[in-house]
Structure formats: C-alpha cells, structure tokens
Amino acid sequence: MRRKWDYTLMVFLLFFSLFAFCYGEDYRIGAEDVIEVAVWKEPDFSREVLVRPDGKISLPVIGDIQAEGLTPEALTKDLQEAFAKYVKTPKVSVIVSAINSRKIYVLGRVRTPGVFPLRSEMTLLQAIARAGGFAEWAKKGDIILLRKAEKGDQRIEVDLKNVIQGKEGGEDVPLQPGDKIIVP
C-alpha cells in the first residue's frame, strides 16, 4: 500500500512540475478549471473537483473553500490549514489537471465563430486561424479587439491586412484571457 502512495505522490509531483513549467508559478485558478486535490494517506479526502462559477470547490469534511484567483501553491496552503483540524500534519497536493477558465471569443466574419480555449500564448492572427480563417468579404484591416480594462472594455483596432502583407503599421497582438475579437 505504501508503494502505491509513493507512486501516486511521484505522479502528482511530476504533473505539478510540468504545470509550473508550462504556465509559470503565477497561474491563477479560475472558474471551470479542474483541480486534483490529494491528501497524503487520506484517500477519502482526495479527489478531482471542478471550480464552480462562484469560484469555490467542495471537499469532504472541510466543505466549500475559495479556489478562484489563487495560485495552486496558495490553495495548497489554505487546504493544509483547513485539513489540519481533522488530520495530524496533512500533506496536500493541488494540481490543475484541466485549464478551462482561460477563453477567447472570435465573432463576425470568420468561418467558425465561437469560444476557444487559451491554453498557451496565442496572437490575434493565430486566433483567426483557430476559427477557420477569414470568411469571404471579411475586412482584414478593421479588426476590433475588446479587452477587459478597469472601466469596461478597451477597444483596440488592429490592421491584420498589414500584418499579413508584411507592411508597417500592423501588429499581431498577443491575446489575454477574455479577449473578444470582432471581424467585420
């Protein structure tokens, strides 16, 4: 039995290391992310959970706890404190097993408009390609990018026509979670 736990811990640490390498230590957990919570030697408390729209996760014994907005490291610390009431010196691992909270929206004259996951760095042109490319009659020089700002959405006008033709004056903008791309 001990060997099984040793193996499980090694797998969790490997996934955690890969996650930190791919997304950096500053990744913030978001709604709809799937999180694996493992409590060492306490299989009844360990499970995979979905972050609810209110930003919380539910676990046996401790109930609901805030996860959204925290790093995996910060959530680990919070969970260790919560489980400490029920388990002597709990060892908790938190692994983000599915990133579902980071999305972009592509609308307008593209072949397949919709919501797309933003799992790694992506530019505006790459997002258009992900949406199947420009539809006929799309105005490539008048792309609108709406980005969340402190006071509503920031409107960024982008000339992808110049980017595609390699001319000055066009910039392939890196995207952020929640960006909305409108192709007129």
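The values are calculated or read from the model by the stated rules, or taken from the named source; none is laboratory data. This structure is a prediction, so every number in the text was calculated from the model and none was measured. Note that we place each Cβ from the backbone using ideal geometry, even for glycine, and neighbour counts take in every protein chain shown.
You will find that of Val87, Val92, the residue that is in contact with a Ser or Thr (Cβ under 8 Å, 6 or more places away or on another chain), under 25 Å from Glu73 (Cβ atoms) and in the same structural domain as Arg28 (by TED's automatic domain parsing) is Val92 and no other.
What's the total number of residues in the range 135-184 that are surrounded by 17 or more Cβ atoms within 10 Å (Cβ to Cβ), of a type in the set (A, V, I, L, M) and over 30 Å from Ala31 (Cβ atoms)? Result for the range 135-184: 3.
Close Cβ contacts (under 7 Å, 6 or more residues apart or on different chains) running from residues in the range 26-38 that are under 15 Å from Lys56 (Cβ atoms) to residues that are assigned to a strand (DSSP E or B) and hydroxyl-bearing (Ser, Thr, Tyr) comprise Val34/Ser97; Ile35/Ser97. The set of residues from the range 154-183 being of a type in the set (Val, Ile, Thr) and in contact (Cβ under 8 Å) with a residue 40 or more places away in the chain comprises Val173, Ile181, Ile182, Val183. Checking each residue of the range 102-124 against the condition of being in a loop (DSSP other than H, G, I, E, B), over 30 Å from Pro184 (Cβ atoms) and at pLDDT below 95 gives no match. Here's a check for you: in the range 56-92, which residue that is within 21 Å of the chain's Cα centre (by Cα) and hydrophobic (A, V, I, L, M, F, W, C) is nearest to Phe45 (Cα to Cα)? Among residues in the range 56-92 that are within 21 Å of the chain's Cα centre (by Cα) and hydrophobic (A, V, I, L, M, F, W, C), the one nearest to Phe45 (Cα to Cα) is Leu79.
Each residue in the range 83-96 was checked for being hydroxyl-bearing (Ser, Thr, Tyr) and at pLDDT 95 or above, and 1 of them qualify.
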